[in-house]
1. Can you give the log10 of the normalised intensity I(q)/I(0) at q = 0.14, 0.26, 0.27 Å⁻¹, computed with Debye over equal Cα scatterers of the range 276-348?
2. Evaluate the range 37-169: find the radius of gyration of its Cα atoms, find its Kirkwood radius, and give the ratio Rg to Rh.
3. Give me log10 I(q)/I(0) at q = 0.16, 0.18 Å⁻¹ for the range 188-345, Debye formula, one equal scatterer per alpha-carbon, no solvent.
4. Where the only charges are on Cβ atoms (+1 Lys, Arg; -1 Asp, Glu), what is the dipole of the range 274-331 about its Cα centre, to the nearest 20 debye?
5. Quick one: order Trp56, Trp125 by neighbouring beta-carbon count within 10 Å, fewest to most.
6. Whole Å is fine, so just give me how far the alpha carbon centre of the range 133-211 lies from that of the range 41-81.
7. Could you check what % of the DSSP bridge pairs in the chain are antiparallel, to the nearest 5?
8. What FRET efficiency, computed as 1/(1 + (r/R0)^6) with R0 = 35 Å and r the Cβ-Cβ distance, is obtained for Ala330 and Lys186, rounded to the nearest 0.05?
Amino acid sequence: MKIIKTHLKSVLSAVAITTSAFAMSDANAETTLRVATWLPPTNPQNSVVWPTWGKWVEEATEGRVKVKIEQGFGHPKTMFQLVEDGIADASFSYHGYVPGRFKLPQVVEQPGLNANAEASSVALWHVYKDRLEAAEEFEGLEVLAMFTHGAGGIHTKEPINSLADLQGQKIRVGGGVQSVLAERMKVTPVGAPAPKVYEMLQQGVIDGVFMPMGEQKILRLNEVTQHVYMLPGGMYMGSFSIFINPEFLEDLSDEDREAILAVSGEKLSALAGRAWDQGDMEGYEAAVANGVTVHQVQPGDAMDKEFQQLIKGMDREWLESVEDRDIDAAAALTELRSQAREYTVAAE
């Protein structure tokens, strides 16, 4: 009997040691966070933002979580669903690609914000957390950051003397506030994801495009357009979110979950905006170097006056469009503009 008890004790001890080893192995196991992207590798989101955030995540989790960027995941409008379904762990996308669902972050897209992408991104993140998150537009997703690209402009093959010259022209628009502007300008809007624009311009499918300056280099628009028109204060901004599958976060240890969130939020929003600002600077340089004429419309110029007349009432229209969201949209708009402009002044 003593021999049996001794043997049993040895077996239980071995099991305990093995279980403990497995527990330690699980605790030290490396988790891969798969990020789906849809923009080309040259875009700052892929060349700067994701790699930098990946380093932050790895450092914050002491190597337990590593970020892997996976290219070519299809149309950007599908990114939200891919992450919700767990096909990818995290991604980002442009809100205007999913009409009707993400109305509130488009508060930042209204014309005349007069702030760069970094300032706009940080302001949008704070306003989202303070005022917009409660509307639950991102149900099924955990939002890690919000950001914008720089001010959008008009890139055309042929010169224009006024915005009226665009009437009837085929212009690629990305949705969101761009669609409102296209309707008011009476252009023929053409929808397509950003990576398709070069080919569409090259083949004559479109006459121009609404995009930020950075795309002169990133999408090589300097090869297929001859003119860019940038309006005072910004024609519009584009709003994006960076999001992650909540179940992925839940499966992590509390320590690693908090570590990832700590390197996201405002910090990640600012990083993204700053990277897109740098992209705009490089886009401008590429445009000039390749002979593209960049028209910096000045306040009070004829085209500026035309634009100011054209955008009258857009704030009111946006406020009316989000009345069903049960948030104080007017306060959100005021707060966002104030924060973005104050951030810009502080940075200067």
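Any read-out appearing in this document is the output of simple, stated calculations on the displayed coordinates, not a laboratory observation. No experiment lies behind these values; they were computed from the predicted model shown. Virtual Cβ from ideal backbone geometry, glycine too; neighbours counted across all protein chains shown.
1. Debye curve over Cα of the range 276-348, log10 I(q)/I(0) at q = 0.14, 0.26, 0.27 Å⁻¹: -0.81, -1.06, -1.07.
2. For the range 37-169, the value is 1.01.
3. Scattering profile of the range 188-345, log10 relative to I(0): -1.21, -1.33.
4. Details: 5 positive and 14 negative charges, 48 e Å.
Charge dipole of the range 274-331: 240 debye, to the nearest 20.
5. Numbers: Trp56 19, Trp125 27.
Final ranking by Cβ density, sparse to dense: Trp56, Trp125.
6. Each part reduced to its Cα centre gives a spacing of 25 Å.
7. So the antiparallel bridges in the chain amount to around 55 percent.
8. Working: r = 29 Å, r/R0 = 0.82.
It comes to 0.75.
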